[in-house]
1. Test T128 against the stated conditions and say whether it is among the polar types (S, T, N, Q), surrounded by fewer than 16 Cβ atoms within 10 Å (Cβ to Cβ) and more than 21 Å from V21 (Cα to Cα).
2. How many residues, within the range 55-103, are in a loop (DSSP other than H, G, I, E, B), among the hydrophobic types (A, V, I, L, M, F, W, C) and open to solvent by less than 30 Å² (accessible area, probe 1.4 Å)?
3. With the checklist (1) closer than 19 Å to Y163 by Cα; (2) in contact with a Phe, Trp or Tyr (Cβ under 8 Å, 6 or more places away or on another chain) in hand, flag the one item V87 doesn't pass.
4. Kindly indicate whether V189 is touching an Asp or Glu at 6+ places or on another chain (Cβ under 6 Å), farther than 18 Å from I60 by Cβ and of a type in the set (V, I, T).
5. Consider the range 25-40. How many of its residues are open to solvent by less than 60 Å² (accessible area, probe 1.4 Å) and over 11 Å from V87 (Cβ atoms)?
6. Kindly indicate whether S95 is closer than 22 Å to A136 by Cβ and hydroxyl-bearing (S, T, Y).
7. Check whether at least one residue in the range 164-182 is of a type in the set (S, T, Y), at pLDDT 95 or above and surrounded by fewer than 20 Cβ atoms within 10 Å (Cβ to Cβ), and report yes or no.
8. Need the failing condition index for A144 against (1) farther than 24 Å from L48 by Cβ; (2) in contact (Cβ under 8 Å) with a residue 40 or more places away in the chain; (3) of a type outside the set (K, R); (4) open to solvent by less than 80 Å² (accessible area, probe 1.4 Å), just the number.
Amino acid sequence: MDRVSSMDPALASSLYAARAVQLVYETLLEFDYDAKPYRLLPGLAEALPEAQSNRLAYVIRLRPDACFQADPCFGADSAGAPRGRPVTAEDVVFSLKRLADRRVASPGAWLVEDTIAGMRAFADASATGAKTDYGAEVAGLRAADARTVQITLTRPMHQFVWYLAMVYSAVVPREAVEYYGLDFGCHAVGSGPYRLTEWQRN
C-alpha cells in the first residue's frame, strides 16, 4: 500500500493521498460517480460554472455557508479559542495560482499552466526572485467579489470544468500556507466535513 506523504492538495499525487485530502478539503465541483454517465455536482460552488457564449470564460459563485475550520492560523476569538472564516473567491484564486507556483512543484500544475490565460507567465515568474508574488495579476483569473470567481481560458476546453473537481484544485487558505510554511502538508486546514486531529506517520 502507498503512503500518504502530504495532506497538501497541491501535492496529492497518489490515490491514497487524494482520498485523505478529500476528507478535509473541498473542491469547487465534485464527481457524481452514481450517475451513468458520470456528471459534475456543485461542491464549494453553489451551482455549476456559468460558461460565457465564447466558451472561453466561466463565472463561478461560492456557497455562502462555506467556511474553513477553526485553526490557530486565523487567530483567536475573545475567549482564546481558534477561529475559522468564510471561504472567499480570493482563496480560489490563491489556490489555483499555487498549483502553478514552481516553488510548490505541484504535479497538478498541468491543470492550470497552459489552460488559464496568463498562468504560464505567472509560473515562469515564480521560478525567479526570492519569493513568489501571489499579488501578481493573472489575466484569466480574478475575484470579481468575495463570492465570485471569473476564469478565462487560453482556448475552449470542454474538459476544464472537470479539472475543478480534481483534488489538486481543492481550495486552501493562504493564512494556513503562510503560518505553517514547510509544515503545511502536516497541518490540514480545510472546509470539508472532517478535521485532521492526529497523524501517525506510516
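1. Numbers: among the polar types (S, T, N, Q): yes; surrounded by fewer than 16 Cβ atoms within 10 Å (Cβ to Cβ): yes; more than 21 Å from V21 (Cα to Cα): yes.
Yes: the conditions hold for T128.
2. Filtering the range 55-103 for residues in a loop (DSSP other than H, G, I, E, B) gives 55-56, 63-66, 77-81, 87-88, 101-103.
Now drop any that are not among the hydrophobic types (A, V, I, L, M, F, W, C), which leaves 56, 66, 79, 81, 87.
Applying the additional criterion that residues be open to solvent by less than 30 Å² (accessible area, probe 1.4 Å) yields 66, 87.
Of the residues in the range 55-103, 2 are in a loop (DSSP other than H, G, I, E, B), among the hydrophobic types (A, V, I, L, M, F, W, C) and open to solvent by less than 30 Å² (accessible area, probe 1.4 Å).
3. Of (1) closer than 19 Å to Y163 by Cα; (2) in contact with a Phe, Trp or Tyr (Cβ under 8 Å, 6 or more places away or on another chain), only one is false for V87: (1).
4. Working: touching an Asp or Glu at 6+ places or on another chain (Cβ under 6 Å): yes; farther than 18 Å from I60 by Cβ: yes; of a type in the set (V, I, T): yes.
So V189 fits the description; yes.
5. First pass over the range 25-40, keeping only residues open to solvent by less than 60 Å² (accessible area, probe 1.4 Å): 25-29, 32, 35, 40.
Right, trim to over 11 Å from V87 (Cβ atoms) and you get 27, 29, 32, 35, 40.
Qualifying residue count, the range 25-40: 5.
6. Numbers: closer than 22 Å to A136 by Cβ: yes; hydroxyl-bearing (S, T, Y): yes.
Against the criterion (closer than 22 Å to A136 by Cβ and hydroxyl-bearing (S, T, Y)), S95 qualifies.
7. If we filter the range 164-182 for residues that are of a type in the set (S, T, Y), which is where we start, we get 168-169, 179-180.
Narrowing the set further to residues that are at pLDDT 95 or above leaves 168-169, 179-180.
This time we only want the ones that are surrounded by fewer than 20 Cβ atoms within 10 Å (Cβ to Cβ), so: 179-180.
Looking for residues that are of a type in the set (S, T, Y), at pLDDT 95 or above and surrounded by fewer than 20 Cβ atoms within 10 Å (Cβ to Cβ), one finds at least one in the range 164-182, hence yes.
8. (1)
The values are calculated or read from the model by the stated rules, or taken from the named source; none is laboratory data. If you're wondering where the values come from, they're calculated on a predicted model, not measured in any experiment. In this analysis, Cβ positions are derived from the backbone assuming ideal geometry, glycine residues included, and neighbour counts consider all displayed protein chains. Accessible surface areas use protein heavy atoms only, side chains included; no ligands, DNA or RNA. Shrake-Rupley method; radii C 1.70, N 1.55, O 1.52, S 1.80 Å.
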